[in-house]
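The values are calculated or read from the model by the stated rules, or taken from the named source; none is laboratory data. Everything numeric in this text was worked out from a predicted model, so none of it was measured. Cβ: placed from backbone, ideal geometry, glycine included. Neighbour counts: every protein chain shown.
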Amino acid sequence: MASDTLLPMNDLAGKHIVLGLSGGIACYKAAELCRALVKEGASVQVVMTEAAEQFITPVTLQALSNRTVYGSHNASGFDARESNGMPHINLSREADAILIAPASADFMAKLLHGRADDLLSLLCLARPLDKVPLLIAPAMNREMWAHPATQRNMTQLQADGTTIFGVGSGDQACGETGDGRMLEPLELLDDVIAFFQPKRLAGQHVLVTAGPTFEAIDPVRGITNLSSGKMGFAIARAAREAGAQVTLVAGPVHLSTPRGVARINVSSAQDMFAATVAHAQHATIFIATAAVADWRPASASSHKIKKDGSGATPQLAFVENPDILAAVAKSDRAQSGKLFCVGFAAESQNLLENSQAKRLKKNVPLLVGNIGPATFGQDDNALLLVTAHGVTELARDSKLRLARKLIASFPIPTGT
Ligand code: C5P
């Protein structure tokens, strides 16, 4: 599912996208994709093949894109209405990217061979390779998808510099079940947005903790806190957009996993500690955003604790939880500079002093301070980045934009 950690952000403002539709039942999803791209700030020029027009009308896409659609009436590739008569040149020069969604098996085969017998394939061939990326969202029956010809074509298209977004799995229009469905419109939207982000973290493995922990008192009760996990999920998404391999260790939260991120669900601080320490062995960057419970009940009752009617209250004893960040920051990997550790501090006052003190206490190069009550559950935040060299304020903004700024701020570790 597409990430729900964020509000619409105008992430594609200023981008001009040629959205090409080839023939397939997934054309109905292209309408929603077109709308989503426009909502995110892109201008969208739709180009449809004759086959695509069998599935959805140009009128629908014209209304959604607010532009005249190039369709079967331009099938030959010439258009007397344009001053130079060459829409394939004009369209491909204006675009920041050409996105083919859906891309049928047949259309991919055409692209592979550089055929150009309709406007869409013609403009793909005519695009300046170094300036206008070609993005493809395949859609087809599972047998067609698995066929060696399609797989071979895909490998060659990638080698030719095409970005292929992969496919979804599940029920297909033909009644069969398997791989080959076009990704959902909001998944493709996230992939397009990610495509345009700088790949600063390519080759890095980023480990993120997020959300609260839950410390059981008995099978129906426990101690937790107000962390929504949104900041950590935004950081995981931003790191993935920047090209990193990302592992997200998440406490109990109701957020969908950012695309391409490996998520490990945990409940207690001890579970989070075990999962994080294991993955820190391979990580190059660790960002601890989780609001880990400081204490847990010394022993959780295996059955529900009952009121006995006397007014007596249960006597709970607590033990301290392990400090995950401090433990990872102490490890050889972190100490030798192979693992860059980032801590968070959720404070209610004296943000600067508390953040500076916490950075030293946790022994991390970067500590990010924020005012907890002002950000819990919100889609925006304001951050204070504290290092040994000084302090940088990131003014209130959406959590995803802040996350992108945060990961652009620190040095990238070298070596593994
Ligand atoms: O000590 P405090 O909870 O204020 O520190 C906050 C920072 O330490 C956050 O980065 C949090 O994820 C991390 N932390 C942790 N394990 C704990 C407590 C905090 O990793 N047990």
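Look at residue 361 and say whether it is more than 16 Å from the ligand (Cβ to nearest atom) and free of Cβ contacts under 8 Å to residues at least 60 places away in the same chain.
In short, no.
Please go through the range 361-416 and pick out each residue that is crowded, with 17+ Cβ neighbours inside 10 Å, assigned to a helix (DSSP H, G or I) and among the aliphatic types (A, V, I, L, M).
If the condition is that a residue be crowded, with 17+ Cβ neighbours inside 10 Å, assigned to a helix (DSSP H, G or I) and among the aliphatic types (A, V, I, L, M), then 400, 402, 403, 406, 407 are the ones that fit.
Considering the range 173-194 alone, what residues qualify as being touching a residue at least 60 places away in the same chain (Cβ under 8 Å), under 15 Å from the mean Cα position of the chain (by Cα) and under 16 Å from residue 138 (Cβ atoms)?
Hits for the range 173-194 are 184, 185, 187, 188, 191, 192.
Let me spell it out: the conditions are (1) of a type outside the set (A, V, I, L, M, F, W, C); (2) away from the ligand (no atom under 16 Å from the Cβ); (3) outside any strand (DSSP E or B), and residue 252 meets all of them except one. Which number is the exception?
For residue 252, the failing item is (2).
Among the numbered criteria (1) within 13 Å of the ligand (Cβ to nearest atom); (2) in a helix (DSSP H, G or I), which single criterion is violated by residue 346?
(2)
Answer yes if at least one residue in the range 217-226 is within 30 Å of residue 301 (Cβ to Cβ), among the acidic types (Asp, Glu) and crowded, with 21+ Cβ neighbours inside 10 Å, and no otherwise.
So far as the range 217-226 goes, no, none of its residues is within 30 Å of residue 301 (Cβ to Cβ), among the acidic types (Asp, Glu) and crowded, with 21+ Cβ neighbours inside 10 Å.
Can you work out which of the residues in the range 262-290 that are more than 9 Å from the ligand (Cβ to nearest atom) and assigned to a helix (DSSP H, G or I) is nearest to residue 341 (Cα to Cα)?
Per the stated criteria, the residue is 280.
Just to check your reading of the model, which residue among 189, 157 is over 17 Å from residue 22 (Cα atoms), in contact with a helix residue (DSSP H, G or I) (Cβ under 9 Å, 6 or more places away or on another chain) and assigned to a helix (DSSP H, G or I)?
189 is the lone residue from the list that is over 17 Å from residue 22 (Cα atoms), in contact with a helix residue (DSSP H, G or I) (Cβ under 9 Å, 6 or more places away or on another chain) and assigned to a helix (DSSP H, G or I).
Name the single residue, out of those in the range 18-51 being touching a residue at least 40 places away in the same chain (Cβ under 8 Å) and among the hydroxyl-bearing types (Ser, Thr, Tyr), that is nearest to residue 100 (Cα to Cα).
22
If you scan the range 195-216, which residues turn out to be closer than 27 Å to residue 41 by Cα and surrounded by fewer than 20 Cβ atoms within 10 Å (Cβ to Cβ)?
195, 196, 197, 198, 199, 200, 202
Out of all the residues in the range 291-303, is one or more part of a strand (DSSP E or B), of a type in the set (Phe, Trp, Tyr) and within 16 Å of the ligand (Cβ to nearest atom)?
Yes, the range 291-303 contains a residue that is part of a strand (DSSP E or B), of a type in the set (Phe, Trp, Tyr) and within 16 Å of the ligand (Cβ to nearest atom).
Give me a count of the residues in the range 304-319 that are part of a loop (DSSP other than H, G, I, E, B) and either within 13 Å of the ligand (Cβ to nearest atom) or hydroxyl-bearing (Ser, Thr, Tyr) (or both).
Selection size over the range 304-319: 2.
Across the range 320-341, what is the total count of residues that are in contact (Cβ under 8 Å) with a residue 60 or more places away in the chain, more than 26 Å from the chain's Cα centre (by Cα) and more than 14 Å from the ligand (Cβ to nearest atom)?
Matching residues across the range 320-341 total 1.
Could we say that residue 193 is closer than 29 Å to residue 166 by Cα and either away from the ligand (no atom under 16 Å from the Cβ) or not assigned by TED's automatic domain parsing to the domain that holds residue 397 (or both) here?
For residue 193, the condition - closer than 29 Å to residue 166 by Cα and either away from the ligand (no atom under 16 Å from the Cβ) or not assigned by TED's automatic domain parsing to the domain that holds residue 397 (or both) - is met.
Look through 171, 130, 118, 160 and report the one residue that is crowded, with 20+ Cβ neighbours inside 10 Å and of a type in the set (Asp, Glu).
Matching residue, one of 171, 130, 118, 160: 118.
Is it the case, given these coordinates, that residue 332 is outside the structural domain of residue 228 (by TED's automatic domain parsing) and out of contact with any strand residue (DSSP E or B) (no Cβ under 7 Å at 6 or more places or on another chain)?
Against the criterion (outside the structural domain of residue 228 (by TED's automatic domain parsing) and out of contact with any strand residue (DSSP E or B) (no Cβ under 7 Å at 6 or more places or on another chain)), residue 332 does not qualify.
Any residue in the range 290-308 that is farther than 23 Å from residue 375 by Cβ and not assigned by TED's automatic domain parsing to the domain that holds residue 271 sitting within a Cβ distance under 6 Å of a residue that is of a type in the set (Ser, Thr, Tyr) and within 16 Å of the ligand (Cβ to nearest atom)? List the pairs, counting only those 6 or more apart or interchain.
none
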